[in-house]
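Peer 1: Below you'll find the structure I mean.
The values are calculated or read from the model by the stated rules, or taken from the named source; none is laboratory data. Quick caveat: nothing in here was measured; it's all calculated off a predicted structure. Neighbour counts run over all protein chains shown; Cβ positions are idealised from the backbone, glycine included. In case anyone asks, the SASA skips ligands and DNA or RNA and just uses the protein heavy atoms, side chains included. Shrake-Rupley method; radii C 1.70, N 1.55, O 1.52, S 1.80 Å.
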Amino acid sequence: MNQKRPGFGTRIGFELAAAGSAVGLGNLWGFPYKTSANGGAAYLFVYLACILLVGAVAMLAEFTIGRRSQANTVSAYKAVSPRLGWLGLLVVVIPAMIMCYYLVLGGYTVKYALGSFVGNAGNYGPFAGNIGDVILHTVVFALPAAAIVIAGVRNGIEKAAKLLLPTMLMILIVISCVSLLLGEGVKEGLAFYLQPDFSKLSGAGILSAMGQAFFSLSLGCGAMITYGSYSGKTVDLAHSTVVVCLLDGLLTFLSGLAIFPALFHYAAVSGESLSALGMGGAGLMFITLPMVFAGLGTVGQIISLLFFTMTAIAALTSIISILEVVTQFIIQRHKVARTRAVSIVVLVCLALSVPVGISLGLDVNGGSSALKLFGRNLLELLDGVTNTLLMPLGALGACLAVGWKLPKSERFSGFVGVMLRIVTPALIVVIFLFGAADMVFPAADGVRAFSGDGFGILLTAAGIVVLTILAYFLWLKNRDTGSNRDEAAANRARDEAFRAGLRRGWQRPE
Ligand code: PHE
């Protein structure tokens with residue numbers, strides 16, 4: 001029996017958990033509006049190609065780093081090379097930053113899901129501006145995430161993934177079917193989504209699709225290293241990588257299939273133009289879709305409920321992976337119990353998410369300059385710093401570490417080896433440089449043209465990297481940063497002490 005082995009109990013549990021991390025707001029919120037902004041089908045094809053060719057390679061690298069060390073990200077990178085420990089700390093800092101804005105967005109999805117119950121998903125502006133309401137929903141979103149992670153990898157994360165991923169898939173299939181049956185406008189929606197017109201795709205669009213693939217696969221931020229560390233010794237990581245990438249690609253594909261026909265149908269019936277509906281902007285999910293659903297009567301109300309519930313679930317299975325990266329590190333480095341580690345991380349990130357929520361609300365309601373940095377609201381700032389700059393760095397580090405630093409006997413050879421050592425890192429560097437350039441020099445045709453002070457954002461990212469490296473050399477370099485096995489042993493010791501305490505308690509009355 002391997003009951004004592006800390007981590008996932010089954011291969012499928014590991015794969016579903018990783019897929020749960022991957023499938024999130026990136027697929028359901030980011031992908032559809034970016035696809036619209038980049039001319040439809042061509043974007044989809046580039047995105048899927050990126051997932052299979054670039055994303056899968058980086059994912060395999062991250063799984064490998066985690067599995068061979070069976071430890072938190074800092075110990076895992078140290079195990080690859082003692083000089084790489086700082087990279088491990090960087091991929092603890094990145095998810096902590098992501099958490100501060102992902103919690104807020106998760107709160108929005110909860111609000112829209114609950115709102116759909118009473119027939120009105122939500123009004124973006126007024127909700128965003130009501131900070132009390134935003135905080136309340138953020139907390140409602142954070143609580144189940146905390147509970148799942150406190151329950152542990154096998155009893156919490158794995159069980160949740162086994163239940164929630166198939167649920168999401170089923171809901172998405174149902175919505176897609178309904179959407180395809182709406183009649184008028186559906187054909188045009190399908191043509192837009194599935195008939196590629198590569199002339200509409202700019203260089204910026206291609207690079208945006210690559211960046212989107214990375215974010216969507218949760219790469220470069222420790223999540224896949226951490227989950228990899230809990231995968232069993234016997235799991236075939238290449239196989240799991242393919243399964244996770246296929247699931248992520250499938251759900252992304254279905255989200256477009258659910259959204260575009262409905263959108264085009266609504267435009268045809270209401271007579272509004274698609275651009276007036278704002279289908280190519282970040283408001284697609286929180287402004288346009290509620291309108292589209294409301295226009296569909298009772299069916300629309302049910303779809304709205306299903307759609308936003310599914311989105312909240314997707315955000316939940318992603319945030320638990322982000323939370324687990326930081327939790328695992330704190331448990332193992334500071335030798336504290338899981339409940340305490342999760343509580344600390346969630347409370348701190350919730351507190352930090354308050355200014356993020358306020359900043360977004362102010363921006364949405366008239367662009368006050370309060371709580372903005374470099375011309376961006378805090379959510380955009382954190383999103384820009386992590387997605388565009390730090391996550392590509394993290395993924396690059398993983399590929400190079402596995403490609404070049406593993407002992408010769410463990411290195412990948414053949415096609416995967418070449419991809420890991422040269423092709424994927426080169427592509428990531430291009431994505432990174434493009435993203436940075438796009439920030440500093442807002443491109444004329446740039447999809448993500450940053451209107452704010454991109455240089456400031458770049459400096460912020462650089463500052464975070466420098467501080468992380470400094471912190472690592474000051475506090476971690478020569479310290480034991482623990483492993484999954486230490487964590488399991490500490491748990492057993494705690495249980496034992498607890499039982500001994502109980503026994504003493506029982507004996508005392510005599
Ligand atoms: N992949 C998730 C999404 O698509 C986001 C995420 C990023 C999750 C990083 C974990 C780590 O929304």
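Peer 1: How do ARG376, ARG83, ARG479 stack up against each other in accessible area, from largest to smallest, with a 1.4 angstrom probe?
Peer 2: I get ARG83, ARG479, ARG376, largest accessible area first.
Peer 1: Between the stretch 60-134 and the stretch 407-430, how many Å separate their Cα centres?
Peer 2: 27
Peer 1: On to the next question. In Å², what does the accessible area per residue of the chain work out to with a 1.4 Å probe?
Peer 2: That works out to 39 Å² for each residue.
Peer 1: With a 1.4 Å probe and all protein chains left in place, how much of the accessible area of the chain comes from carbon and sulfur atoms, in whole percent?
Peer 2: C and S atoms contribute 68 percent here.
Peer 1: Right, something else. Would you be so kind as to identify which of PRO166, LEU350, ALA337 lies farthest towards the positive end of the dipole of the chain, taking Lys and Arg as +1 and Asp and Glu as -1 on Cβ and the Cα centre as origin?
Peer 2: ALA337
Peer 1: Would the stretch 110-152 count as rounded, prolate or oblate if I go by the C-alpha gyration tensor, calling it rounded below 1.5 in a/c and otherwise prolate when a/b exceeds b/c, oblate otherwise?
Peer 2: Verdict is oblate for the stretch 110-152.
Peer 1: In whole Å, how far is the Cα centre of the stretch 152-222 from that of the stretch 338-405?
Peer 2: 23
Peer 1: In what sequence, largest accessible area first, do ILE287, ILE98 appear using a 1.4 Å probe?
Peer 2: ILE287, ILE98
Peer 1: Follow-up. Any chance you could give the angle, 0 to 90 degrees and rounded to 10, that helix 11-22 forms with the longest Cα principal axis of the chain?
Peer 2: Compared with the principal axis, the helix lies near 50 degrees.
Peer 1: Another question, if that's okay. I'd like to know which of ALA71, SER216, PHE192 lies farthest towards the positive end of the charge dipole of the chain, counting +1 on Cβ of Lys and Arg and -1 on Cβ of Asp and Glu.
Peer 2: Farthest along the dipole direction, towards plus: ALA71.
Peer 1: In addition: Going down the table (LYS200/LYS372; LYS335/LYS408; LYS111/LYS162; LYS162/LYS200; LYS159/LYS187; LYS34/LYS78), which pairs top 29 Å between alpha carbons?
Peer 2: LYS200/LYS372; LYS335/LYS408; LYS162/LYS200; LYS159/LYS187; LYS34/LYS78
Peer 1: Next up: Consider just the alpha-carbon atoms of the stretch 246-352 and return their Rg together with their Dmax, both in angstrom.
Peer 2: Cα-based Rg and Dmax for the stretch 246-352 come out at 19.4, 62 Å.
Peer 1: If you take the square roots of the eigenvalues of the alpha-carbon gyration tensor of the chain and sort them as a ≥ b ≥ c, do you get rounded (a/c under 1.5), prolate (a/b over b/c) or oblate?
Peer 2: Prolate, because a/c is 1.5 or more and a/b exceeds b/c.
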